[in-house]
Each structure stands twice: as C-alpha cells, then as structure tokens.
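J.: Below is a structure I'd like to ask you about.
The values are calculated or read from the model by the stated rules, or taken from the named source; none is laboratory data. Computed from a prediction, not measured in an experiment: that's the story for all the values here. With ligands, DNA and RNA removed, areas are computed over all heavy atoms of the protein, side chains included. Shrake-Rupley method; radii C 1.70, N 1.55, O 1.52, S 1.80 Å.
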Amino acid sequence: MTGVGEPPFETGEMMHDTDTANLVQAVLKGDARACERLVRRFYRPCYAVALSVLRHPEDAEDAAQTAMATAFASLERLKDPQRFRPWLMKIVRNRALTLVSARNAAERRRSPVDPETLAVGARNVPVRDDLLRALGHLAEREREVLLLHDLSGLRHREIADALGISETNSRQILFTARTRARASLEGAPQGGTP
C-alpha cells in the first residue's frame, strides 16, 4: 500500500453494511477484487483511527496496513460480515495501542538526546507539525471522531457504529474536537516553531 493520499480510494461511495458484507463473503470465497475494494474502502478510516492514537503519520500508516493484513488473515473468524467495519476498527485501534506501548517502552530505554529523533523532527513539514500538535491537545475519542469525519469522510452514523457510540455523541464530540483544535491552532506559532 502507498501513502494516505495516493491510492484511488472509494470516497464517494457510501459504506453500506450489506454491500460490505457481500464483499466480505466474496473475499472468503477467494475473490481478490473484492479484497481490493475492501482495502480501498476502509484504508482511510483505518488510518484515521491509527493516527488518532499514534499521532505520527508514518506510524499510523504502518498500523493501518498491519491491522488490515491481520483482519484479512483472520476474516473467517468474523461471525457477522455486516459487522466488518466495527470489527476492523477495533483491530486497528488495538494495533495502534500496541505500538504506543512499544514506543513508550522504547522511549524509557532511549537516551535523552537521540540523533534519529532529531533527524525525523527536521524533516517534518511546519503545517503538519501544527496540526499534529493541535491533535495532541484533544482527547483520544475526540481525535478519533475528528479524523474519521474530517479526514475519512465518514458520516456520524458510520462513526457511531465503528466506535460504539451514539450518533448524537459523535456530533457532540466532533463539535468539541473542532473547537479545541481550532483554539490550539490559533494559539500555535506560525511555521511550526515554538
């Protein structure tokens, strides 16, 4: 898989549970095209969930890709194909949380000044830094809802289903997340420098 903006994702198509269930059944029968359609349909939401937890785009891409591979490898364990979306989102979230735990453990072992970390920081784009910093001011659930809605284009019903919350709660969380992110961005220095 390639970067988030590169593949031709299915963005305008509504993610109907029945259509998704049919694709899952086709994948279970060995249909490679159905597998490709599921990947195109769900990569962005997977990336958004992973980014909301990890806060690093490269790590989020790795987590999304690994989680999707894990999901397809264990697809026969999915009892209800119409529940594919929330099942997949849970796998992505768990993978991202596992990476956070591993990263935190590595941070504890790392010396205070790590040349690799400094090199990665030097490559960051200033605007991206400001956006990631603003996301860092949000609660995890706020990041998830904001990224699923604004980055992945999911509707509140789809977000509610994927995260196990109500549509009303999704709307309230999105409003709060946007307000807090906007306030953080307005207070951020221009160009991403402190």
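J.: For region 43-109, which semi-axes, largest first and in whole Å, follow from the square roots of 5 times the eigenvalues of its Cα gyration tensor?
T.: 23, 12, 9
J.: Taking all protein chains as present, what is the carbon and sulfur share of the accessible area of region 28-112, in % to the nearest whole number, probe 1.4 Å?
T.: Answer for region 28-112 is 48 percent, counting heavy atoms of protein chains only.
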